[in-house]
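A quick write-up on the structure given underneath.
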Amino acid sequence: MKAKKKIKSANLFPVVGIGASAGGLAAFKKLLKAIPPQSGMAYVLVQHLAPNHESQLPGLLQKVTVVPVLEITDDIKVEPDHIYILPSNKMLVANDGVLQLSPRATQKNQLNLPIDLFFESLAEIHQNHAIGVVLSGTGSDGTNGLRAIKAHGGLTFAQDMASATNDGMPKSAVKAGVVDFILAPEDIPQKLLDITRMLRSEPGNLPAPPRAEKAIVDKILAQLRMHKGTDFTYYKHTTIRRRILRRMAINDLKEPAGYLAYLQDNPSEQDALFQDLLIPVTAFFRDPPVFDTLCETVFPLMLENKAPDEPIRIWVAGCSTGQEAYSMAMCFCELLGEGFGRIQLFASDLSEPAIVKARAGIYAKSEIEGISGERLRAFFSVKNGNYQINKAVRDMCVFATHNFLKDPPFGKMDFISCRNVLIYMEPYLQKKVFTTFHYALNPKGYLLLGKSEDIGQVPDLFTPAMRKGKLFIRKDGPGRFSHLVGQQSDLHPNPVHPKQDSRSVDFQKTADDLILSQYTPAGVVVNEAMDIVYFRGTTAPYLEQATGKPTHNLLRLARPGLAFELRSVLHKVRKEQAPVKKENIPLLINGHTQTITIEAVELPDTAEPYYLILFYETKTSPVADQTKTKSRNKRDDKDLRIAQLERELIQAREDMHAITRDQEAVNEALQSANEELLSSSEELQSLNEELETGKEELQSTNEELTVINQEIRGLNEQVTAARDYAENIVDTIQESLLVLDEHLHVKTANRAYYTLFQTTEADTEGKPLYELGRRDWNIPVLNELLEKVLSEKETIDNLELTQTFYNIGEQIIRLNARQIRQENSEKLLLLAIENITEQKRAEEARLQIQKRYQFITNTIPQKVWATDEEGNLDFFNDVWMNYTGLTVDELKEWGWKKIIHPNDWAEYRNQWQHSLDTGTQFELEHRLLNKEGEYRWHLSRGLAYKGTNGKRSMLWVGTHTEIQVQKEQKEALEQAVAGRTLDLKEANQALAEKNQALLAANKELEAFSYVASHDLQEPLRKIQALANRILEKEHGQLTDNGKDYFERIQKSAARMQQLIKDLLAFSRLSTSGRTFEHTNLNELIDDIRTDFQDTIEEQHAIIDASELGFARVNRFQFRQLLSNLIGNSLKFSNPAVSPHIQIRSRIVDGHTLANEKLPAEQNYCHITIIDNGIGFDEEYSEKIFDLFQRLHPGKDYAGTGIGLPIVKKIIDNHNGIISATSGPNKGAQFDMFIPA
């Protein structure tokens, strides 16, 4: 898209460009929702939209923000605190503070990158007020735009990958290194406010920064000079200050002094600031019109003016990451073909990382967008998703880290390119650069500058090479290289030198130094522009800085009344080429008028003209004073003053006459030139009138040609569309196609041919058919038929051949051929090749399967049948014929109807039709007539074949199984079952009576358990009480054996008491109620934690049981179950480690369990308890649930052997199952499944 002439905006508020693609709507909403009503910024949203899609974005986004949301119309003015949205099917650029729309590109293969286009124009127009944000999206649109914004001093943001629906666009920008901040969309507005608030505090409108701030900036530059060896003193200070403020904002530092301290402590920040100041902006074939001129005009002219064996030397100064250098190398490769060895291309840059990247020549996809597909294929190779310049092109270029301001330049250059580097330098440095380039270039060498740069400082060194563009030719003249001496570090302005004790023995040098420093006049050395380059002695009485911007210009520094004299003296020196002295010049010094003398001398043997100017004070000797006193009566002060003024007047008149003569000579020259210009103007006017007439005639002709051209373009587009359509069809069809000429040479082939026969265009096109491959197509019968097609206009239809091809082996192919009819052109033949090898093999396999199927079905006793796609029976095995005595022809379709019993036919027909209509399984018992005339019972079953996609097909396979014997047995069985049913009814009645008796017995057993428990525990309590009393009262009188015996009595009684409790609990499980309720398992675990709190703290145990959920259980029993299992995990813990008990719960589908004890039709709650204890041998995984089963000695681990049986009993009460898995010292795992 060609935009109008770009005009920088005068707006001083930030403009935020926000780009997104897939997934961008959600990101837009989050970002806009966080924007405050009065941020002071304008926001422009650019999203990829389908051309025919009516965008609803303004309405959707207005719902999430109070900031006005507007759809962009052409030339809409950008205002702060507004949100602007790109409409569909449009492209957008910024220009002079307004937004301009243009139609979306419709050309084939032209990329639509609306985000890059807008960001680049935003950077160019709004400069450091531009801000770019890339949100969710695929591809790399926005990366180049952010690069442009960063190059112009703006800020760049990207959405973090975690929050992006599609991270392609943000990832591309981050990978390219053009992003300052990576944030979530909702965090970006606040960061924008913080940074812009800091940047707005910049005193950008002041003529100069405050003195304190300038001193800090100087120290920052001095720090960079020490760290990197590069002096930025004479770079444009506005750019430097803006870049420093940008780094301060990125590092969240408010004061320059704080940033200086941070810079001194962080070498990485010094590197970052250094790279920011270098502003590395470049691209392949940047500014295409410039490269068109170079490749089509300049480079060919350079080659033409050079001898074939003479090298072409090119220097790209400030090459950044090498794209411009490689672009020129590609141009020469295209011009010279294989003979590019004579090209010597040097490229240099201050940035070492940029040079490293340039040498590697590896670029991301977003960096090669300006390169045509043809050049990509010719000069690049794909490497790990990136693109690398081919080695031959890389070898043409020599990259070096080089500072052309202080390092010696490359010499004898034919062409120097230095684009968009000088714009960041002060005029003093620019002049130095042009002098260096003039020195480095050969006579008539070329200098290429950026579009915003010019040679205004040195018109005597270069002249424009063409009317338009920034290409210049070196003027003849002696070249001179001016070495730029670096300034002393501002960090150490007064270096301390070690004191030297040795005294100088060179008294003559000492005397000379003393005379020069104490007794010679003050003076300065100035250049041709009257800028002071050197001070000598005390010049303060004669020169002083004026208020305002500092300067080194002699005339601006001169005290009042002295500038005219200095100008006059220098004018005479230049004219007369000899020293000039002017005396008795009055000057007010320290409030007193004194007379001084000025002497000017041109310095000899210098590369550039330099002038030494000396200042003398006119002193009166004491003798002269006495003489003056004695003769005061003869001449007073007034007479002296008059004489002095007369001398000055005479001198002034002489100066005036000299200047007037020079001026008249100049005026005469100007008058002569003016007359010549007037004459030329008249000739040009006449010529212009003739051109105007010719222009009108050409305009008329052009209009006619335009109409014709439009018609031709329309026809060409139709032809191109038809050709593309045909080519797409040819490329996508699976059949291989060859186009042969009348000599059976291959003209072209489609993609399918190359894929099938594993060959290439180079091995195919232009070669005879019978020589393709290893003469694979040398088939006599085919060649004979093709000759007939050409001569007799016959066709080849479905010719099948079996042929062995070298690359793919033996193949079966089907050929079709016919002439391509073209009027007034050569005969062509189209040969279509279809590989039917797989079809033939599949057909053979099908026949084999059919024979095998027939054989298999004949070996089984069932009568097997199958249908066609219409549901008609067309297959019967031999058992059918043996049973019915009929043939296949008699049985197929509906012929089998005659063998079905008439009473069964109606039901059979209805059931079969229903299965045909619905695809459900056919199953029916009915009678079939055999060849003896007897009807016998059969079970008929049929299934519909279903394809791989699950859809029903009308192919059926079924069997008829004779069940005559089973029918007879069934009738006998039904009679037996009726008698047995009567017996069972009587048995059930007796069983009910026995159940009542068992219920009564259970009640008696429960009462007995209670009484037995109470009666057994009472003596145990007495034994324990008496033993305790004896140990307390008679402890001192008992022997050690006696004490031991009583302690054993106590322990045995305690174990007996626990055993009785466990037995009582176990017996109650059989009789307790089966009340189940929806129970929170975490609450049960919390209760158990409280019960075992002391043990848990003592053993430092961890019980991990989070989010167990609910289960339908008997709350009391299940609490006892969990308590027993957790208690065992604590009891049987490994002494070497703290107990770690994990409890998990989840719902599982019964179909996935495959356990006959658990019905599959319901869901189950799967509870798992895992510990890290001592474990047990796997062979005891079932025995541990037996009553009184103990695996460890009682002296080591207390217990009764009833705990796990109680657990098993509770699980049985819940209609569930429990299993245990373990190994010695590997912990134990208990898995429980209960109905959910």
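Miscellaneous remarks
- Residue 1213 of a type in the set (S, T, N, Q), on the phi > 0 side of the Ramachandran plot and at pLDDT below 90: no
- Tally, over the range 1126-1175, of residues that are in contact (Cβ under 8 Å) with a residue 24 or more places away in the chain, among the β-branched types (Val, Ile, Thr) and surrounded by fewer than 17 Cβ atoms within 10 Å (Cβ to Cβ): 4
- Top-ranked residue in the range 959-976 [being among the aliphatic types (A, V, I, L, M) and surrounded by 12 or more Cβ atoms within 10 Å (Cβ to Cβ); ranked as modelled with the lowest pLDDT]: 973
- Boolean, residue 1171 is modelled with pLDDT of 80 or more, in the same structural domain as residue 1134 (by TED's automatic domain parsing), of a type outside the set (Phe, Trp, Tyr) and closer than 16 Å to residue 1127 by Cα: yes
- Scan of the range 749-760 for residues that are farther than 13 Å from residue 739 by Cβ and not in a helix (DSSP H, G or I), ordered by number: 758, 759, 760
- Pick from the range 1212-1229, criterion outside any strand (DSSP E or B), more than 18 Å from residue 1160 (Cα to Cα) and not small (Gly, Ala, Ser), ranking: nearest to the chain's Cα centre (by Cα): 1226
- Candidates 833, 812, 779, 796 - the one that is farther than 19 Å from residue 741 by Cα, surrounded by 13 or more Cβ atoms within 10 Å (Cβ to Cβ), modelled with pLDDT of 85 or more and not polar (S, T, N, Q): 812
- Scanning the range 389-426 for residues that are more than 21 Å from residue 462 (Cβ to Cβ), over 38 Å from the mean Cα position of the chain (by Cα) and either at pLDDT 85 or above or among the acidic types (Asp, Glu) (or both) yields a single hit, 407.
- Subset of the range 728-756 [among the aromatic types (Phe, Trp, Tyr) and outside the structural domain of residue 814 (by TED's automatic domain parsing)]: none
- Taking (1) within 20 Å of residue 1076 (Cβ to Cβ); (2) touching a His at 6+ places or on another chain (Cβ under 8 Å) in turn, residue 1132 satisfies each apart from (1).
- Some residue of the range 114-123 being free of Cβ contacts under 8 Å to residues at least 60 places away in the same chain, touching a strand residue (DSSP E or B) at 6+ places or on another chain (Cβ under 7 Å), surrounded by fewer than 18 Cβ atoms within 10 Å (Cβ to Cβ) and outside any strand (DSSP E or B): no
- Flag for residue 298 being assigned to a helix (DSSP H, G or I), aliphatic (A, V, I, L, M) and crowded, with 16+ Cβ neighbours inside 10 Å: yes
- Filtered residue count, the range 844-874, keeping only those that are touching a residue at least 12 places away in the same chain (Cβ under 8 Å) and either aromatic (Phe, Trp, Tyr) or outside any helix (DSSP H, G or I) (or both): 15
- Here residue 797 passes the criteria (1) in contact (Cβ under 8 Å) with a residue 12 or more places away in the chain; (2) out of contact with any strand residue (DSSP E or B) (no Cβ under 8 Å at 6 or more places or on another chain); (3) not aliphatic (A, V, I, L, M) except the one numbered (2).
- Note on the range 343-447: enclosed helices (runs of 4 or more DSSP H) holding 3 or more residues that are of a type in the set (A, V, I, L, M) are 352-360, 391-396, 427-440.
- Given (1) on the phi > 0 side of the Ramachandran plot; (2) not in a loop (DSSP other than H, G, I, E, B), number of the condition residue 147 does not satisfy: (1)
- Matching residues, the range 706-742, being part of a loop (DSSP other than H, G, I, E, B) and either touching a Gly at 6+ places or on another chain (Cβ under 7 Å) or under 15 Å from residue 817 (Cα atoms) (or both): 735, 742
- Assessment of the range 1066-1077 against the conditions (touching an Asp or Glu at 6+ places or on another chain (Cβ under 6 Å), at pLDDT below 90 and either at positive phi or part of a helix (DSSP H, G or I) (or both)) yields at least one matching residue.
Here is a yes/no grid of residues against (1) outside any helix (DSSP H, G or I); (2) touching a helix residue (DSSP H, G or I) at 6+ places or on another chain (Cβ under 7 Å); (3) under 22 Å from residue 192 (Cα atoms):
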{"site": "257", "(1), (2), (3)": "no, yes, no"}
{"site": "261", "(1), (2), (3)": "no, no, no"}
{"site": "269", "(1), (2), (3)": "no, yes, yes"}
{"site": "283", "(1), (2), (3)": "yes, yes, no"}
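The values are calculated or read from the model by the stated rules, or taken from the named source; none is laboratory data. Not measured: the values here are computed from a predicted model. No Cβ is skipped: glycine too gets one built from the backbone with ideal geometry, and neighbour counts run over all protein chains shown.
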